[in-house]
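The values are calculated or read from the model by the stated rules, or taken from the named source; none is laboratory data. A quick note: this is a predicted structure, and the numbers were derived from the prediction, not measured. A quick note on method: Cβ atoms are made from the backbone with ideal geometry, for glycine too, and the neighbour counts reach across all protein chains shown. These accessible areas exclude ligands, DNA and RNA; they are computed on the full protein's heavy atoms, side chains included. Shrake-Rupley method; radii C 1.70, N 1.55, O 1.52, S 1.80 Å.
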Amino acid sequence: MKILIVDDDPLAGELVGALLEDFGHECQLAENGIAALECLGPEAGIELVISDLNMPLVSGLELFQELREQGQEVAFILLTGDDPESLWAQTPGLSGVLRKDGDLEETLPALVASLGGGLISGADEHRPFP
Amino acid sequence: MATPPSEGFQARKARLREAFRAQLPMRLAEARERLATIQPGEAGREGLARLELLLHTLKGSSGSFGLLGTSEAVREVDDMVKTALATPDPVTPDLLMTLQALLDRLAQTDLEPAGGGPGDRLGFEPMPAAPPKPEPGIAAALITLDTDPTANPRGERPILLCDDDGDLAKQLCTQLACFGYQVTAINSLADLPAVVAVDPPATVIMDVMFPEGDDAGPKTLASLVTATGRRIPSIYISSRDDFQARLQAVKAGGSAYCTKPVKTTEIVEFLDALTNRESPLPIHVLVVDDDPELAALHALILEEAGMITVVATNPAQVPHLLKGFNADLVLMDLYMPECSGPELAQVLRQMPGHVSLPIIYVSSETDHERQIKALEVGADGFLVKPVDPRRLIAEVTLRAERMRILHALMVRDGLTGLFNHNAIMQFLELKVANARREQGTFCYAMIDVDHFKRVNDTHGHPAGDQVLMALSRGLRLRLRECDVVGRYGGEEFAVILSGVGEAPAKMVLDQLRRGFAEVIFYAGEETFTCTFSAGIASFPRFPTPEAMLEAADLALYRAKGGGRDRVEIATAVSTDSRSTPEPSAVTTPRGGQFGHGH
């Protein structure tokens, strides 16, 4: 899957990238929401965005909302240092909210794999594995 | 991503984790700098929000890298900032001080020792899961003494005290808390393995004799070490002073052995040695070269060697950069347009703070005569381009470390390791000048041990030294890194509290005063306690170093006259009456004259 990772901490972003590339995904990094939007043109072919929640300028949540306003239905996973539950409950349309901790190494590939299995709700036109 | 795909995830993770760990001190420094710019009041909220963002990222990333200690510690600070931001209230000085203390503690703690687990370097180390919560039964057996959050306990990992004598354990915990050590006591040997498994302690203070046997303490710890394969630094305390008991303790890997009654200061010495494994501050180098690529190359070489660098490609930036960057050394190009290396060196040498700053030139100059000429203007070394990386690292390390040692010798007091009188006076002058320029505030406080002469006369000079060392350690541990602590002379200490007004300064000193009053000192069979009095003078109420000295002195005098064991704030010079000296005062403070020679 072609994945865009957005994290203002390049090391953290690269870690997520390394993890997913190990599972055979193709990863691209953006260091902020603006850069992410630039990477997300229609021809870019990004199938999934994994974004840090807390970033300067544009937060991960704002990035998600901006994308939806632009009509881009690309699957979107938020990563946060806080408790993911309330955010997950409050934000319909997200593919997942995961906490940045040691478990991420297992939960994230699993979640991405489940998306690859075609479980993205509300994104029918967008099948990750063509 | 520009990483070779052949490298497996674990290897990449290990590499990234190392990189992140190496960045940690810098990132914490950034957070502390950001905090330092926040002013109390409504205007501070914006800065606080910016700080929160930084902390949040740090917390998240350290969580991602499995650095759970860091993640948790940052979370604590972050939560406090978040809570403050959740209310519409203006930023209080107290909050800023508390945050500062927490960040200072974070920066001083080696949260994630290099290498991590044994498999870490090989990249096989599994991500540790979240630490298991202690079983309720175990938690109930713990007596945790909550120290004040604004205190500054070093050593993030817990210190365990294992002694079947609950009262003694509790007393020792209280005592050690006065020195900034948070100690958890357990009263039964049977609980030890479970507690150690939950949270591996930095150090165990272990009794030797238990109901289970005369040397059950060392035996239990030894078997625990064998079982876990993990060395636990340990200090033994015992009423036994025989060879067998000591031998058992050594065989069990004990680092120190104290006989009961335990002298707190002695234990603190050992704890300092065992837990303060903080790596020395990395060497800070300012690299000045008009060729950006060469500057970047030299910076890279030095950073690879674990140093922290800042690059300037324009000599005009240097004085400004030096302000925010506590450089140990400047590495500069000899030939730069407009301002040559020697000219820049001279400019720096003419600035008060940079007279002794080591400077090394880098140049393609091979003419010996001209090298010497360049050195004449006050540089410390000369490297010829292209510079051999090992030579560069060696030259920089040597000079920076030597300067650090020299500096420490010049400005430190022999007994207490605090800044000496001269250094304190210099700091005060600098501080006044800075505060005047930045329209900031700070406090200068004089602290004097009450009835110190009586201590010396009654209990002897070693006991007196014990008191001075305890107070100096207390000051050093509890105050922030940006505060200056010095021994003014005799039993008198001086403290410069950066960026705080009178009220928080008094709060801090009162806290210190209460803590100090609780410390029990030992002199032979006898025990005694000590108190101190303090006088505070604030800038800009007292706008010159001389006025601050005099005012603090007068306030101290007032504290002594008011019955000692108290902190007084100097108001105005005229309201301080010197006409009622207390005749019983054993340690009579000097008069208000300046520049007391020593």
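Measure out, as a whole number of angstrom, how far apart the alpha-carbon centroids of segment A:38-102 and segment B:210-260 sit.
Centre-to-centre (Cα) distance: 55 Å.
So for the pair B:THR226, B:ASN422, with labels modelled 7 Å out along Cα→Cβ, what separation do we get in nm?
About 5.8 nm, to one decimal.
How much accessible area is lost when chains A and B come together, counting both sides, with a 1.4 Å probe, in Å² rounded to the nearest 100?
About 2300 Å² of accessible surface is lost on pairing.
Treating only the Cβ atoms of Lys and Arg (+1) and Asp and Glu (-1) as charged, compute the dipole magnitude of segment B:284-410 about its Cα centre; round to the nearest 20 debye.
Using Cβ point charges on Lys, Arg, Asp and Glu, segment B:284-410 gives about 480 debye.
Once R0 is set to 35 Å, what does the formula 1/(1 + (r/R0)^6) return for the Cβ-Cβ distance between B:GLU438 and B:THR529, expressed as a FRET efficiency to the nearest 0.05?
That pair, B:GLU438 with B:THR529, gives E of 0.30.
Given 0.36 nm per residue, what is the gain on full extension from B:ALA19 to B:THR571 after removing their alpha carbon distance, in nm?
Between B:ALA19 and B:THR571, full extension yields 193.6 nm more.
Percent of accessible area on segment A:2-116 owned by carbon and sulfur, 1.4 Å probe?
Of all accessible area on segment A:2-116, carbon and sulfur atoms account for 51 percent.
With Rg and the Kirkwood Rh both taken from Cα atoms, where does Rg over Rh land for segment B:9-108?
1.03
Not counting ligands, DNA or RNA, and with a 1.4 Å probe, what is A:THR91's accessible surface area in Å² rounded to the nearest 10?
Per-residue accessible area (A:THR91): approximately 20 Å².
Between B:GLN39 and A:THR91, what FRET efficiency comes out of the Förster formula 1/(1 + (r/R0)^6) with R0 = 22 Å and r the beta carbon distance, rounded to 0.05?
0.05
Rounded, prolate or oblate: which fits segment B:190-332 when a ≥ b ≥ c are the square roots of the eigenvalues of the alpha-carbon gyration tensor, with rounded for a/c under 1.5 and prolate only if a/b beats b/c?
prolate
Using a Förster radius of 60 Å, what is the FRET efficiency between B:ASN326 and A:SER114 based on their Cβ-Cβ separation? Nearest 0.05, please.
Taking R0 as 60 Å, the efficiency between B:ASN326 and A:SER114 is 0.75.
Obtain the nm distance between the two label points defined at A:ILE34 and B:ASP367 by a simple spin-label model: each point lies 7 Å from its Cα along the Cα-to-C-beta direction.
Calculated label separation equals 4.9 nm.
For the pairs B:LYS59/B:LYS82; B:LYS13/B:LYS59; B:LYS13/B:LYS82; B:LYS263/B:LYS506; A:LYS2/A:LYS100, flag any whose C-alpha to C-alpha distance is greater than 19 Å.
Distance filter (> 19 Å) returns B:LYS13/B:LYS82; B:LYS263/B:LYS506; A:LYS2/A:LYS100.
Just to check I understand the Karplus step: with θ = phi - 60° and J = 6.51 cos²θ - 1.76 cosθ + 1.60, what whole-Hz values come out for segment B:418-425, glycine and proline as x?
7, 4, 8, 3, 4, 4, 4, 4
Using Stokes-Einstein with the Kirkwood hydrodynamic radius over Cα pairs, what translational diffusion coefficient do you get for segment B:421-575 at 25 °C and a viscosity of 0.890 mPa s, in µm²/s rounded to a whole number?
Diffusion coefficient, whole number: 157 µm²/s.
Could you give the accessible area per residue of segment B:9-108, probe 1.4 Å, as a whole number in Å²?
Dividing the accessible area of segment B:9-108 by its residue count gives 37 Å².
On the accessible surface of segment B:456-519, probed at 1.4 Å, how many percent belong to carbon and sulfur atoms?
Carbon with sulfur: 52 percent of the solvent-accessible area.
When ligands, DNA and RNA are left out and all protein chains stay put, how many square angstrom of accessible area per residue does segment B:169-217 have with a 1.4 Å probe?
31
What per residue convex hull volume, in Å³, do the alpha-carbon atoms of segment A:2-116 yield?
With only Cα atoms used, segment A:2-116 gives 93 Å³ per residue.
Run the numbers for B:GLU376 and B:ALA86: contour at 0.36 nm per residue of separation, minus the present Cα-Cα distance, in nm.
Here the answer is 98.5 nm.
Let me check something: with ligands and nucleic acids excluded, how do B:SER363, B:SER356 order by accessible area (1.4 Å probe), largest to smallest?
B:SER356, B:SER363
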